[in-house]
Amino acid sequence: MENNEKDIQATSLVDNEYLLEVNDLKMYFDITTGFFKTTPLKAVDGVSFKIKKGETLGVVGESGCGKTTLGRTIMNLYRASSGEIIYNGLLISSYSDLKRIQKEEKFELGSLKFEKNKRIKNYHKSLNEQVANGELEPEAVKGLVDKFTQEENEKFAKDSQKLHDLYKQKYDAKAKEINDDINKVLEERDNKLNALTPVDKNTDLEAIKIADEKTLEFKAEASKLLADAKEVRNNEYAKAKEDKQNDLANYNKFKEECHNKEAELKNKISSASEEEKASLQKELKSLIKENTNDIIVKKEKLNGDYNIRKSIATGKYQKTKQQINDDLAKKISDVRSQSKYYLYVDEEAKINKDAKKAIKRIKSSSRFRLKEFRRKCTMVFQDPYSSLNPRMTVQDIIAEPLDVNHLYTTKEERRSKVLELMRLVGLSPEQSTRYAHEFSGGQRQRIGIARSLAVNPEFIVCDEPVSALDVSIQAQVINTFQDLQKELGLTYLFIAHDLLVVRHISNRIAVMYLGKIVEIAETKELFDSPLHPYTISLLSAVPMPDPNTARSNKRIVLEGDVPSPLNVPSGCPFRVRCPKATEACKNRVPELKEISKDHFVSCLLLDDDLSV
C-alpha cells in the first residue's frame, strides 16, 4: 500500500532546500461591469518565487498591489485561477488533480478570449481617433474592423485548439497515472483476499449465535444511553429557552423604564423656563445616549447567552454520542472476535475498506494534500482583533486548531499545550480565561501567533502582522517572530508596508506592483543596488536616521495614481508612472529575469543596460 497511498508528485519538484515554490500563480476575481458582462480583476497576475527552509521572504508594495491576496491564495483561502503551489515537492490544490487541469484550461481559454476582445476594442478605438484627426474616412472603419475581427477570430481558433491539445495531453497523462495507481491498489487488495483462509459458516454456528445475541444486547444499551443523552440536551435547550424568556421580560421592563425616564424628562423640559431648558436638553441627550447603549448591550447579551448555552449543550451531546458509539463499536468488535467466521468476514471487510480509502485518496489526491498542508502551514492575520472570536476565551482560541486536528487525548493535555504556547509568545498563563477585548493590540497579535503555532507548523504567512501596532509594540512582536524562527526553525512569508521592518526581519525581499513581482533579491542587495524604477522610488521614501544621509537622498515622487487592476495598462504595468518609460514599454510585457546572482528584475530597460 505504500506506493498506492503516496501523494502523487507534482510535475516540477522543488529542490530539497526549498520548502515552497510558487509557479505562475494567478488570482482573478470576476467583477460585474455591465448587463451580463464581467471583467477579471487581476489581483495576482503570474507570480513566481521560491522560499528556502528556515528563511524569511518579505513582500512589499503599495496598498492594492496584491500582497494580502497572494498570501491568502497560497494558503488556499482563495482558490487560485491558475498556477502551481508546490510544498515540499507536492502540488497543493483545493481541486482534485483532473478537475484542476480542467479548471486551468477553462481559465486560460477565458484569458485568450478576453485579450482578443480587448485588442479588437483598442483597434476600433484607434480607428475612431484617426477619423477624429481627419486621417481616415468614416466609411472605411467598418470594413477595417470586420477584417481585423476576422483575423483575430482565426488566430483565437488556432490558439484555443493548441491550448486544448496541450491540456488534453496533461489530462490524459494524469488520468493514466491515476488509473495505474488504482490498478495497483486493486491488485494488492486481491492478493490479500486470496491469502485469507476461508471459514465455513456452518462450522461456527454456536459462536456466531452468541456474537449476534451480544451484539443486539449492546445495541439496545447504546440506544437507551443515546436517548438519555438526547433528553438531557433537550432539557438544557428548554431551560435555556425559559431563561431567555425571563431575561426578555426583564429586558422589556428595563426598556420601558428607560423610555419612561426619557418621557418624564421631556415633560419637565416642556414646563421648564428658558434658562433651565438648555441644561435639561443636554441631560436628555446624555440620557438617551446612555439608555441606547445599555439597551444594545443587554440585547446582545440576551441572544449571546442563549446561543452559548445552546452551543455548549450541543457540544456535550455530540461528545457523549461519539463516546457511546465508540464504546459500542469496541464491544461488538470484541465479541465478534470470538468467532472464527466473523474474524474472517471482518478481515475481508477491512481489506476492502482500506482499498476504497486508498482509491479515494488517489482520485482526490490534491485535496488530501491540502488537509496536510494546512496543518503544516498557518497564517497570522493583519487585524489581531477581528481575527479573534470575541465570544471565546484565549484558551479556546489557541486550542481551536488542536480541536480541529484532534491533536490531544485529554483535557489536561489540551490545557497544558495552550499554556505552553502562551508562555512561548510571552503571555501569562493566568490570562488564559480572559477574552480578546481585555488585551492590548500587541497582546492580541501574540494570541494570533500562539494560535498559528498550535499545530507545530513549518511555514507561516504573516499578513502585515505589525501594521496596526505602535512602534514599541512592533519591535516586541518582530523580536517574538525572530526568536520563534531560531527556536523552531520556522519559514516565513512576511507581508508588510514598512520597508525598514521588512529589512530587519527578511533574508530576501520581493517587490510587488499591480499583482506582479517586479524585483526580488537578497535584502542587502536590494537596498544597496535597487534596479527597478519602482523599487528605487519606494526606497527613496524610506526615512533615514542620519540627517546628512537623509539630506543627500533624492526623493523620487511618482506621478499619477496606481492603475485599476480591472484595466491594467498594455505592456509594462508600471509604464504610466515610470519616469524612464519608452515606446517599447507600451508594447512588450517584461519578464522576470535574473540580472545578477539571485537578483531578478522585471524591466525592459535592463535588457541591454544593467543600470537604470
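The values are calculated or read from the model by the stated rules, or taken from the named source; none is laboratory data. Here the structure is a predicted model, which is why all the values come from computation and not from measurement. A quick note on method: Cβ atoms are made from the backbone with ideal geometry, for glycine too, and the neighbour counts reach across all protein chains shown. Keep in mind that these areas ignore ligands, DNA and RNA; they rest on the heavy atoms of the full protein, side chains included. Shrake-Rupley method; radii C 1.70, N 1.55, O 1.52, S 1.80 Å.
Brief remarks follow.
- Take the Cα of LEU343, go 7 Å toward its beta carbon, and the backbone nitrogen atoms of the range 159-203 under 18 Å from that spot belong to 193-203.
- Amide H contacts of LEU91: ALA10, each under 5 Å away and 5 or more positions distant or on a separate chain (H built 1.01 Å from N in the peptide plane; Pro and chain starts excluded).
- Residue separation of PHE29 and GLU17 scaled by 0.36 nm, minus their Cα-Cα distance, works out to 1.0 nm of gained length.
- Expressed as a whole percent, the accessible area of the chain that falls on carbon and sulfur atoms is 50 (1.4 Å probe).
- Pairs from LYS224/LYS357; LYS224/LYS321; LYS170/LYS192 whose Cα-Cα separation, in the structure shown, is over 23 Å: LYS224/LYS357; LYS170/LYS192
- Within the chain, percent of DSSP bridges classed antiparallel, to nearest 5: 65
- Alpha carbon centroid spacing (whole Å) that separates the range 264-287 from the range 84-163: 70
- (1) 30.6; (2) 25.6; (3) 27.8, with the label sought being that of the calculated Kirkwood radius over Cα pairs in Å: (1)
- The range 316-330 residues near the modelled SER223 label - backbone nitrogen below 20 Å, point 7 Å along Cα→Cβ: 321-330
- Probe 1.4 Å, accessible area per residue of the chain, Å²: 58
- A cut-off of 5 Å between modelled amide H atoms, ignoring neighbours fewer than 5 places along the same chain, links THR491 with GLY54, PHE459, ILE460.
- Taken along its principal axes, the alpha carbon cloud of the range 282-435 reaches lengths of 87, 34, 32 Å, longest axis first.
- Net +/- balance of residues flanking GLU152 in space, Cβ distance below 9 Å, scoring K and R +1, D and E -1: +1
- Applying 0.36 nm per residue to the separation of ASP247 and ASP327 and subtracting their alpha-carbon distance, the gain on full extension is 24.8 nm.
- Evaluated at q = 0.16 Å⁻¹: base-10 log I(q)/I(0), Debye formula over Cα of the range 26-86: -0.59
- Calculated FRET efficiency for the pair LYS121/ILE288, C-beta based, R₀ 41 Å, to 0.05: 0.10
- Report summary: the helix-based calculation at 222 nm, which adds -39500 (n - 2.57) for every DSSP H run with n ≥ 4 and divides by the residues of the chain, gives -20500 deg cm²/dmol.
- For ILE517, the residues whose amide H sits under 5 Å from its own are SER48, ignoring neighbours fewer than 5 places away on the same chain, with H placed 1.01 Å from N.
- Overall Cα dimensions of the range 490-532, principal axis frame, Å, largest first: 28, 24, 17
- In order through the range 348-353: 3J(HN,Hα) via Karplus (6.51 cos²θ - 1.76 cosθ + 1.60), integer Hz, x for Gly, Pro: 5, 5, 5, 4, 5, 5
- Each of HIS497 and ASN389 was given a label point 7 Å from its Cα along the Cα-to-Cβ line. The distance between the two points is 3.1 nm.
- Lone cysteines, the chain (no partner Cβ under 4.7 Å): CYS65, CYS258, CYS377, CYS462, CYS578, CYS603
- Cα principal axis extents for the range 363-488, largest first, Å: 50, 30, 29
- Pairs exceeding 28 Å between alpha-carbon atoms, taken from LYS244/LYS411; LYS486/LYS516; LYS219/LYS241; LYS277/LYS299; LYS239/LYS371; LYS52/LYS371: LYS244/LYS411; LYS486/LYS516; LYS219/LYS241; LYS277/LYS299; LYS239/LYS371.
- Taking 0.36 nm per residue of sequence separation and removing the Cα-Cα distance, the ASP483/LYS176 pair yields an extension gain of 105.8 nm.
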